[in-house]
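Student: Here's a structure for you.
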Amino acid sequence: MRSYDEKKGRTRGIDDAVEEIIQNAIKSVYLNRALLPATAVYEAAFGAVEKRNRELIETADPSDRSLQELLLPHPARSTVFRRIQDCDYYRTIRSRHGSRAADLELKPLKVAPEATYPLERVLIDHTKLDGWMLFDEASALPCGGRPWLTMAIDAYSRYPLGFYIGFEPPSVYSVMMCLRQAIAPKAELLKQVPGLEQDWLAMGTPMKLVADNAKEIVGISLPRACAELAIELETSPVKTPKHKGIIERFFGTMNKRFVHRLPGTTYGNPKLLRDLEINPQNTMRMSFAKFQFLFLKWLLGDYCKSRNRMIGTTPERRWIEGTAKRRIDMPERIGVLKSILSRHGTAALNRSGVRFQNLTFRSDDTIRRMLAGTKKSKIDVDFRFDPADLSEMHVLLKTTGEYLPLVCDQKDYARGLSLWQHKIIQLQNRDRDRKSKNFKDLMLTRSELIAETVQAIKAGAAKTIDARFQRLGETGSVIVTTKPARGHPRNGAVSTSRMIAVDVSVEETVAETPAGDAPVLEEPSRNSPPKKPRSQRKTKVKTVVATVVEPELPPLTEEPHVTEVDDDDDDAASLMAASPMSAKGNA
């Protein structure tokens, strides 16, 4: 039957069975992550109709004149394409590209809360710059690549508050460094950049900080620092730029008007680089310090003085007007920012100090105060350190709430060294050691020891209790029993020595030795011939003499117990639990 299109008021000119085949082809071929083109749907539908017709021909009577009427018509290409276009667009995007892509394209955006004064809301986010650069020659790490930019923007004025550029991925370290620069006055920073004539007016403690809700970014250090500075921390879902549209638009403006004009840029389009046969690594001739100078010059001289259509004025003018109406909150002491905006952790402190990242931190006075009154030589402590300078850390004295300093032993190495640089240096040293011949020989020796140990364990594994006892006898293991000699005095120490052979038969001898002598074990000779296979061995009785001093004992009323001595144990005095069976029963 032909279906009827109620919208157009006419028949759709296609059989219901063919329509069902087309819809099934769309679901199975097009609405999935394979990202097959629409032509694949047409081919699948055409092939399904052809398969059905051939099966019908094979099973039908060739003389049946109505066979041609039963065959399904093949769908036209345009018909299949129209059915694809009729599918719900949101469902199509979600099935082919995921829910996030569908939401970004079609889901209505929620309006972000508007800030009514400067520093009411500060947005902080990260982006990987579309440009390659090098470190300065004086840097400890002469490596290059595409750096990460962490930026803090005031939501009210769109005025930049602080930034951090580094080659490490986004982390709590980069957030701390950016926030430290955002709060502090910029006079000292501008003095360190010769040739920069612009002013940077940004400073002050934010009321609310909006950051990504990622564990490697938030962690435990950022909430603690915000609590000490009375900053409300608001986290936004990861990979949701709609929650931080202001700073996302800033990144777009920065790439278009600054980064893409520099040598070594990637233009944010790898395909364009391949088409133009451009390798950005061949054109990167810019040092890290040069890039920072140009970025500050563009940021303060171009972006801050250009009109922003969202606020109707320039970010700099908006900031000046807003701060004139409302006072800026500042920390009581700027010097505490370095301590507050630090990374936190826990470690063990002993008389040698604290070991952290293969560095030792110590201070005699601090260690003495931390261990005083604890009656312990090792305690767990909370510490914090500046990730930009590993020369010292501070540990928390819980009784007073103050942080006491610990200084790194390797002062010259750690002074001014960041945590990320230290980790890179450690990796480089580790790789260099692994490439050396000594390291390879060491690893070969360790692997041989492991193999021999495993082989020894397999060879010495006991399958049954009988096999275990038999092996003890063959290897000269000793079973020592203590039993008073016949007729021993009731109140006197009597020493006896007994020889026991563990195998098919057991022999006993009793000999007295002077009281007070220590037990003496006679070991079997080591110059024995090589062992034969177990199936060819003859049962041999090995006799080992053990001399034992008997303590004062009451008259015996029960059978003596048998105690095993493990000759493989390092502690020869350790004895296994006594067996309730007699020596004869064990044999």
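The values are calculated or read from the model by the stated rules, or taken from the named source; none is laboratory data. Just so it is clear, the model here is predicted, and its values are computed rather than measured. Don't worry about glycine lacking a Cβ; one is built from the backbone with ideal geometry, like all the others, and counts go over all protein chains shown.
Student: Which pairs turn up if I take residues in the stretch 76-98 that are in a loop (DSSP other than H, G, I, E, B) and look for partners that are surrounded by 14 or more Cβ atoms within 10 Å (Cβ to Cβ) and not aromatic (Phe, Trp, Tyr) with beta carbon separation below 7 Å, at least 6 apart in sequence or on another chain?
Tutor: Cys87/Ile26
Student: Regarding the stretch 257-280, can at least one residue be identified that is polar (S, T, N, Q), at pLDDT 85 or above and not in a loop (DSSP other than H, G, I, E, B)?
Tutor: Among the residues of the stretch 257-280, not one is polar (S, T, N, Q), at pLDDT 85 or above and not in a loop (DSSP other than H, G, I, E, B), which makes the answer no.
Student: Sticking with this one: If Ser391 satisfies all but one of (1) buried (at least 18 other Cβ atoms within 10 Å of the Cβ); (2) touching a Gly at 6+ places or on another chain (Cβ under 8 Å); (3) under 24 Å from Pro170 (Cβ atoms); (4) not aliphatic (A, V, I, L, M), what's the number of the condition it fails?
Tutor: (3)
Student: Additional query: What helices (runs of 4 or more DSSP H) lie completely within the stretch 164-255 and have 1 or more residues being within 14 Å of Thr127 (Cβ to Cβ)?
Tutor: Passing ranges, in order: 172-183.
Student: Turning to a different aspect of this structure: Restricting the search to the stretch 339-358, which residues are under 18 Å from Leu417 (Cα atoms) and surrounded by fewer than 19 Cβ atoms within 10 Å (Cβ to Cβ)?
Tutor: Matches in the stretch 339-358: Ser339, His344, Arg355, Phe356, Gln357, Asn358.
Student: Mind checking which helices (runs of 4 or more DSSP H) fall wholly inside the stretch 308-415 and carry at least 2 residues that are in contact with an Asp or Glu (Cβ under 6 Å, 6 or more places away or on another chain) and of a type in the set (Ser, Thr, Tyr)?
Tutor: none
Student: Right, something else. Counting only residues that are farther than 16 Å from Gly162 by Cβ and within 42 Å of the chain's Cα centre (by Cα), which one in the stretch 307-321 is modelled with the lowest pLDDT?
Tutor: Across the stretch 307-321, the extreme among qualifying residues is Met310.
Student: May I ask you to list the residues in the stretch 65-79 that are of a type in the set (Lys, Arg) and surrounded by 10 or more Cβ atoms within 10 Å (Cβ to Cβ)?
Tutor: Arg77
Student: Next up: Of the numbered conditions (1) in contact with a strand residue (DSSP E or B) (Cβ under 8 Å, 6 or more places away or on another chain); (2) of a type in the set (Asp, Glu); (3) in a helix (DSSP H, G or I), Glu120 satisfies every one except a single condition; which is it?
Tutor: Condition not satisfied by Glu120: (3).
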